[in-house]
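The values are calculated or read from the model by the stated rules, or taken from the named source; none is laboratory data. If you're wondering where the values come from, they're calculated on a predicted model, not measured in any experiment. So basically every Cβ, Gly included, is an ideal-geometry build from the backbone, and we count neighbours across all protein chains shown.
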Amino acid sequence: MTPARKLHTLQQEEFDRLLTWLDPDAARAGLNYEEIRWRLIAILTSRGCRAPEELADETIDRVARRVADIRDTYLGDKALYFLGVMNNVHHEYLKRPEMPRLPDCDDDVDAKEQTHACLEKCLDHLAPNSRKLIERYYAADKQAKIDLRKRIAVEFGIGINTLRLRALRIREKLQTCIEQCLEIETF
Amino acid sequence: MASNNGQFEQDNSSGFPDEMIRRFLLGDLSATERPAFEERLLVDDALAARVRLAELELADDYAYGQLSGTERELITEKFLLSADRERKVRVSRSLRDHFASAPNTSTGSAAYFKKVRSVFTIAQPVWRFAFAVVVLLVLFGAALLVIKEPRIVRRIANVVVPRRRPTPSAPREAGHPNNTLAPEHQTTPSAMPVHDQTVAPMIVSVSLMPTAASPGDATPWISLPKGDEDIARLQLAVKLDQLGPYHVELLTSAGQPVLSGELIKAPDNGAQVNFDVTARLLKSGDYQIRLSGDNAGATEELGKYYFRVR
């Protein structure tokens, strides 16, 4: 790959080809793409990479450019192909001078207020049982939470691990809802 | 939020314990563990789902301050490196602020009370102004009370500092005298305890013997106390075996009733029963007291007592 090729930005045609390679169904292909990207970011972050999104996108770009060459010959799990490419990208990243760490900064007041407002809206969208569960699950902290969660589990007639799983799934829905809400608020 | 004590149910097929997922998220997997985990993560949807939930859980634990010292260091070094995770922590903090301060609230009530509380917060300028006005009115009212109504102030002071009950007189072994002559009487104002001087009423006491008629010039007397709340204690001599209860009537010399009520002799008061009369009910002049008691279901007059107020 020439330096000029490296600088080449991903073309729409290449991106479409990538999606088709992932799955002929466009909707499923989009989900696959998002899922692979998220997993790459998780792995890169776990490796201590300070720009995980950037490296994940670079990995996807490189795969997209190779699809035309490999789509007829590659036989393994497609996700693993991304992993191989990502290892190369990460290896190159490690050779770069280390990026200065940006200082941590607290959320500004507006962002906090917006998040809080969105949380209240999203809580209103939850089913009553889900809302009740999440309110109680997050009510206490430290030692009190252990006793509280045991009581909630008994109250809902489920095991403590099932309670944990349910609460985190509701939490996941809240996260998605809040992020969508914040996007709407921003624009 | 939950600690790493147990795996997510139904997702154990991928064979990686929750503890390992947590170490992966904290960038704490060993070089031998890492490749297998990463490869599995990319191809195993169940493992990916567990990692997503564990990621939220870690963000919550961080926001709630429930990480160990080592985990706290790792989370800033190896976890909070993506914008996505920053957003997750922001939501975790919002959850903490929303719920941790209002435990066990019912559905919808937390938000409602929050709104109501924000209306009534002292930070609102209108409430600050209203509060200042109320303080001024209270001060003005208190000043007016002190200047115009000293009697009320004194009553309030008496309520605030409870009145000490006077100690009953020591029991006397003397029996009821048989002679009809009035004995010599001395008015003996009780000494006020020093620490009660500002609030306790003054008690002026006089011992009275029963007589058939007014003793005339020999009528025992008391000086009328100056304070309305001061007490004239009329110590009525009774027979030692008369246990009471007694019915007592205070009348003017003209027979007009002033006060009546029931009396009970203190167990250690011997042959005497105390009849306390508030000074404001008395004026200068002669008075009589009629004492009666219950005798086998019938009222029996026990004696008449005469005294003078100067």
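If you check B:LEU291, B:LEU250, B:LEU240, which single one turns out to be out of contact with any Pro (no Cβ under 7 Å at 6 or more places or on another chain) and within 17 Å of B:SER205 (Cα to Cα)? Break it down stepwise before answering.
On the way: B:LEU291 fails: within 17 Å of B:SER205 (Cα to Cα); B:LEU240 fails: within 17 Å of B:SER205 (Cα to Cα).
Unique residue meeting the criteria: B:LEU250.
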Open item on the list: On the basis of being surrounded by fewer than 20 Cβ atoms within 10 Å (Cβ to Cβ) and touching a helix residue (DSSP H, G or I) at 6+ places or on another chain (Cβ under 9 Å), does A:ILE158 make the cut?
Closed with: yes
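Yes/no per residue for (1) within 8 Å of chain A (Cβ to nearest Cβ); (2) more than 22 Å from A:GLY84 (Cα to Cα):
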position: B:ASP44; (1), (2): no, no
position: B:VAL51; (1), (2): yes, no
position: B:ALA59; (1), (2): no, yes
position: B:LYS78; (1), (2): yes, no
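Just name the residue that is surrounded by the fewest Cβ atoms within 10 Å (Cβ to Cβ) out of those in the stretch B:194-228 that are outside any loop (DSSP other than H, G, I, E, B) and modelled with pLDDT under 80.
Quick first cut of the stretch B:194-228, residues outside any loop (DSSP other than H, G, I, E, B) only: B:194-196, B:203-208, B:216-218, B:221-222.
If we keep only those that are modelled with pLDDT under 80 as well, we get B:194-196.
Working: B:VAL194: 6, B:HIS195: 10, B:ASP196: 12.
Filtering first and then ranking leaves B:VAL194.
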TODO: Given the conditions (1) part of a helix (DSSP H, G or I); (2) facing chain A (nearest Cβ under 9 Å); (3) without any contact (Cβ under 8 Å) to a residue 24 or more places away in the chain, report the number of the one that B:ALA36 does not fulfil.
DONE: (2)
- [ ] Could you check how many residues of the stretch B:18-33 are surrounded by 14 or more Cβ atoms within 10 Å (Cβ to Cβ) and either more than 60 Å from the chain's Cα centre (by Cα) or without any contact (Cβ under 8 Å) to a residue 12 or more places away in the chain (or both)?
- [x] 3
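With the requirement that a residue be β-branched (Val, Ile, Thr) and at pLDDT 85 or above, what does the stretch B:74-88 give you? Quick ask: steps written out before the conclusion?
Residues of the stretch B:74-88 β-branched (Val, Ile, Thr): B:75-76.
Hit for the stretch B:74-88 is B:ILE75, nothing else.
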TODO: Scan the stretch A:129-155 for residues that are in contact with a Gly (Cβ under 9 Å, 6 or more places away or on another chain), farther than 15 Å from A:LEU119 by Cα and either at pLDDT 80 or above or surrounded by 13 or more Cβ atoms within 10 Å (Cβ to Cβ) (or both) and report the count.
DONE: 2
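Let's see how each residue does on (1) within 13 Å of chain B (Cβ to nearest Cβ); (2) modelled with pLDDT under 95; (3) more than 29 Å from B:PHE24 (Cβ to Cβ); (4) outside any helix (DSSP H, G or I):
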position: A:ARG17; (1), (2), (3), (4): no, yes, yes, no
position: A:ARG39; (1), (2), (3), (4): yes, no, no, no
position: A:GLU54; (1), (2), (3), (4): yes, yes, no, no
position: A:ASP61; (1), (2), (3), (4): no, yes, no, no
position: A:ARG65; (1), (2), (3), (4): no, yes, yes, no
TODO: Would you mind finding the one in A:ASP124, A:ASP69 that is within 13 Å of chain B (Cβ to nearest Cβ) and either loosely packed, with under 14 Cβ neighbours inside 10 Å or modelled with pLDDT under 90 (or both)?
DONE: A:ASP124
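For the stretch B:3-25, does any single residue satisfy the condition of being part of a loop (DSSP other than H, G, I, E, B), at pLDDT 90 or above and within 8 Å of chain A (Cβ to nearest Cβ)? I'd like the intermediate steps shown before the answer.
Step one: of the stretch B:3-25, the residues part of a loop (DSSP other than H, G, I, E, B) are B:3-11, B:15-17.
Remaining after also requiring at pLDDT 90 or above: B:17.
Subsequent filtering for residues that are within 8 Å of chain A (Cβ to nearest Cβ) retains none.
No, there is no match, as no residue in the stretch B:3-25 is part of a loop (DSSP other than H, G, I, E, B), at pLDDT 90 or above and within 8 Å of chain A (Cβ to nearest Cβ).
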Task: The listed residue being over 35 Å from the mean Cα position of the chain (by Cα), surrounded by 15 or more Cβ atoms within 10 Å (Cβ to Cβ) and part of a loop (DSSP other than H, G, I, E, B), out of B:GLY255, B:GLY270, B:GLY293, B:GLY303 - done: B:GLY270
